[in-house]
Amino acid sequence: MSGCVENSKLSFAMDAKPAYQRILLKLSGEALMGTSDFGISPEVMSFLAREIKDVVASGVQVALVVGGGNIFRGEGLARAGMDRVTGDHMGMLATVINGLALQDAIERVGVPVRVQSALRINEVCEDYIRRKAVRHLEKGRVVVFAAGTGNPFFTTDSAAALRAIEINADLMLKATKVDGIYTADPKKYADARKYDELTYDEALTKRLGVMDQTAMVLCRDHGVRLCVYDMGRPGALKAIVMGDKTIGTRVHG
């Protein structure tokens, strides 16, 4: 995959058991672009589908929250003069497009998927109903939560934190283009130092930009464990759910 670390997949003992029963994976819309400037990369979607299939095959229940920045970002156009509420609603619809694309990619590798939207779009996906989402997960289906929280002014990071709490996820993962959280942008500063572990209070105080503050406070107050990792590393997602604590950065309360 273009932009992914070219290394062999991490291996595990045949009798190893997952460290988590249910996870929520947060994907940014930009992550779906690959090396393009806009839209959805089929190569990235195929890679993500295989990574998710490996995790589901291990017996872990997987939920996803996806952003829409690869198609439309309401906050950006609001700064240019568009009504913020209108822009945010357009951004929510962009996440539905990404959710449907993920559904197609994951189902093509043999894993059943349900897309649930916080906005009512019954012709293309289900409405978000918490108990129904949990039932899908228990049946081995991947659930993609789209349209954010359904409210303007809230990011998809906040939506991910909220859904992780609602479905009682054992771990929330945020997929990024770097292998964890650093003291500064490692692509700009050679002396940037990676954190192996942080508390939410430390991340908030140091303004590390892990997620927006609303999302971090939600996670902190409800005891959600977070792992920030490099989504381009083959096998990293599976390794994390199998209990490998050497990958990414862990954030806890």
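The values are calculated or read from the model by the stated rules, or taken from the named source; none is laboratory data. Worth saying up front: this structure is predicted, and the values here are computed from it rather than measured. Heads up, the Cβs are rebuilt from the backbone with ideal geometry, glycines too, and the neighbour counts pull from every protein chain shown.
Structure notes:
- Number of residues in segment 237-253 that are touching a helix residue (DSSP H, G or I) at 6+ places or on another chain (Cβ under 8 Å) and of a type in the set (A, V, I, L, M, F, W, C): the value is 4.
- Of all residues in segment 63-89, those being of a type outside the set (Asp, Glu) and closer than 16 Å to Ala159 by Cα number 10.
- For segment 124-141, the set of residues classified as assigned to a strand (DSSP E or B) and in contact with a Pro (Cβ under 7 Å, 6 or more places away or on another chain) is empty.
- Checking Asp15 against (1) over 27 Å from Phe154 (Cβ atoms); (2) surrounded by 15 or more Cβ atoms within 10 Å (Cβ to Cβ); (3) modelled with pLDDT under 95, the condition it does not meet: (2)
- The number of residues in segment 217-231 that are touching a residue at least 40 places away in the same chain (Cβ under 8 Å) and either surrounded by fewer than 19 Cβ atoms within 10 Å (Cβ to Cβ) or touching a helix residue (DSSP H, G or I) at 6+ places or on another chain (Cβ under 8 Å) (or both) comes to 10.
- Here the condition is being farther than 16 Å from Lys53 by Cα and either crowded, with 21+ Cβ neighbours inside 10 Å or under 16 Å from the mean Cα position of the chain (by Cα) (or both); of Ala146, Ala101, Ala105, it holds for Ala146 alone.
- Among the residues of segment 144-175, those that are touching a Gly at 6+ places or on another chain (Cβ under 9 Å) and over 24 Å from Gly248 (Cα atoms) comprise Ala146, Ala147, Gly148, Pro152, Phe154.
- Criterion applied to Ala31, Ala78 was being assigned to a helix (DSSP H, G or I) and either without any contact (Cβ under 8 Å) to a residue 40 or more places away in the chain or more than 27 Å from Val241 (Cα to Cα) (or both), and the one residue passing it is Ala78.
- If you check Ile106, Ile97, Ile165, Ile121 for being of a type in the set (A, V, I, L, M), part of a loop (DSSP other than H, G, I, E, B) and touching a residue at least 24 places away in the same chain (Cβ under 8 Å), only one passes: Ile121.
- Of all residues in segment 41-63 being closer than 23 Å to Ala19 by Cβ and of a type in the set (S, T, N, Q), the one that is surrounded by the most Cβ atoms within 10 Å (Cβ to Cβ): Gln61
- Filtered residues of segment 168-208 (kept if without any contact (Cβ under 8 Å) to a residue 40 or more places away in the chain, among the basic types (Lys, Arg) and under 27 Å from Asp88 (Cβ atoms)): Arg207
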